[in-house]
1. Put Ser306, Ser159 in order of accessible area, largest first, 1.4 Å probe: what do you get?
2. Give the relative contact order (percent, whole number) for the chain; include only Cα pairs under 8 Å separated by 6+ residues.
3. Which number gives the lysine pairs in the chain that have C-alpha atoms under 23 Å apart and are eight or more places apart or on different chains?
4. Taking amide hydrogens as modeled 1.01 Å from N in the peptide plane, which residues meet the under 5 Å criterion relative to Gly319, leaving out close sequence neighbours?
5. So which residue, out of Ser328, Ser111, Ser305, gets the largest mean-square fluctuation from a GNM of the chain using Cα contacts under 10 Å as springs?
6. So how long is each side of region 233-335 along the principal axes, counting just the alpha-carbon atoms, biggest first, in Å?
7. With each run of n ≥ 4 DSSP H residues scored as -39500 (n - 2.57), what mean residue ellipticity at 222 nm is computed for the chain after dividing by its residue count and rounding to the nearest 500 deg cm²/dmol?
8. What area, in nm² and to one decimal, does the C-alpha convex hull of the chain cast on average over all directions?
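The values are calculated or read from the model by the stated rules, or taken from the named source; none is laboratory data. This structure is a prediction, so every number in the text was calculated from the model and none was measured. Using ideal geometry, Cβ is built from the backbone for each residue, glycine included, and neighbour counts are taken over all protein chains shown. For the accessible areas, the whole protein counts, side chains as well, though only heavy atoms, and no ligand, DNA or RNA atoms are used. Shrake-Rupley method; radii C 1.70, N 1.55, O 1.52, S 1.80 Å.
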Amino acid sequence: MHRRRRTRLMRNMKGRAQGYTYSREGHPNAEVLAGRIDAMEGTTGGIVTSSGMAAVTAALMGVLSAGDHVIGGDQLYGRSLRLMKEDLPRLGYFNAAITPATKMVLIEVVSNPTLRVADVTGIAALCKARGVLLVVDNTFTTPRAIRPFEHGADIVLHSVTKLMAGHSDVMLGWVAAKDETLRKKMYDFVVTTGMTPSPFDCWLAERGMMSFDLRFDRAQQTARVLADHLGAQKGVTKVLYPTNASHPDHNRATALLGDQGCNMVSFEIPGGRASTNAFTQAAQGIAFAPTLGDVGTTLSHPASSSHRALTVEERAEIGISEGFFRVSVGLEDPDALCDVFDQGLAAAADAS
Ligand SMILES: *Cc1c(COP(=O)(O)O)cnc(C)c1O
């Protein structure tokens with residue numbers, strides 16, 4: 001190795017100079033991507049991780065210690081729930097209602113798939129009063145709709161896989177803390193456990209993010225059109241869209257998000273599995289897929305996919321019936337998209 005380069009490397013390793021030594025610890029592509037998301041969320045020092053779940057894991061396991069209590073929203077992303085219910089207890093963390101040992105609360109602003117809106121302001125005030133860290137997963141809402149640090153969050157995270165990167169071709173996460181000690185704990189955990197992002201994925205995500213605002217606004221606009229359209233159809237028993245007057249958390253949604261209802265719409269049709277199968281098959285060109293935030297609209301059926309492990313009663317309790325669908329609205333022409341949903345509804349009606 002060239003002498004001068006070797007000298008610089010030695011200084012980097014000793015932390016005396018800025019630079020890159022080994023890509024598990026950081027690389028230029030991750031840094032550029034982190035900087036973009038930092039700017040959107042109004043923070044600095046964000047860490048890009050290999051997936052959204054790596055970001056969730058860094059926030060929880062990088063910060064908590066054995067014996068700590070942690071509270072999670074009851075409608076979190078499935079894997080986050082599983083991490084809290086199964087893995088954390090196995091490692092000696094507790095999942096309990098708020099106690100003196102409670103260290104952390106993890107919430108999502110808009111829940112999946114029933115699109116309930118969390119009382120972020122109230123929860124943040126409670127956490128602050130009790131000295132509890134508030135972690136907000138901002139994947140569904142994105143900084144276009146809400147910047148959780150401005151509402152009292154201590155840690156904010158994203159599955160960049162979804163709307164941010166936007167093309168269903170990468171897996172990435174991002175996690176940031178206002179407090180430097182917290183940030184360092186998460187960074188060390190990410191580097192030690194190897195939850196490092198691929199440079200190529202970071203580059204793809206950076207490209208994707210150049211159109212983020214345009215994609216988000218267009219998808220949101222179409223989501224509103226689709227929600228209104230579905231609400232006017234006879235074969236639809238329920239439509240959920242956060243900023244619509246009929247939504248159970250409409251007031252809270254408007255207070256937190258303004259008119260940014262985002263790109264997710266959930267709805268319900270009557271009938272059993274035959275009807276839902278008929279709908280899915282007739283909705284030509286709409287990918288039946290659990291992901292969200294892609295340029296193309298995707299349809300998911302929680303009763304047979306994300307929430308199949310629950311009993312019928314447990315699903316009913318959170319409002320998920322057999323005929324319940326979740327839609328991640330993409331960039332298609334709004335009228336054409338509504339037509340495809342009409343075809344699905346007609347087929348579902350015939351099958352019931
Ligand atoms: C997808 C998702 C995750 C997990 O992200 P991955 O990139 O799939 O690991 C976490 N939280 C929410 C809200 C998500 O939608």
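1. On the way: Ser306 75, Ser159 15 Å².
Order by accessible area, largest first: Ser306, Ser159.
2. Values: 659 pairs, mean separation 59.4, N = 352.
Answer for the chain is 17 percent.
3. 11
4. Correct list: empty.
5. Sorting by GNM fluctuation, first place goes to Ser305.
6. The principal-axis extents, from largest down, are 38, 34, 28 Å.
7. Value at 222 nm, helices only, nearest 500: -12000 deg cm²/dmol.
8. Reported value for the Cα convex hull: 18.8 nm².
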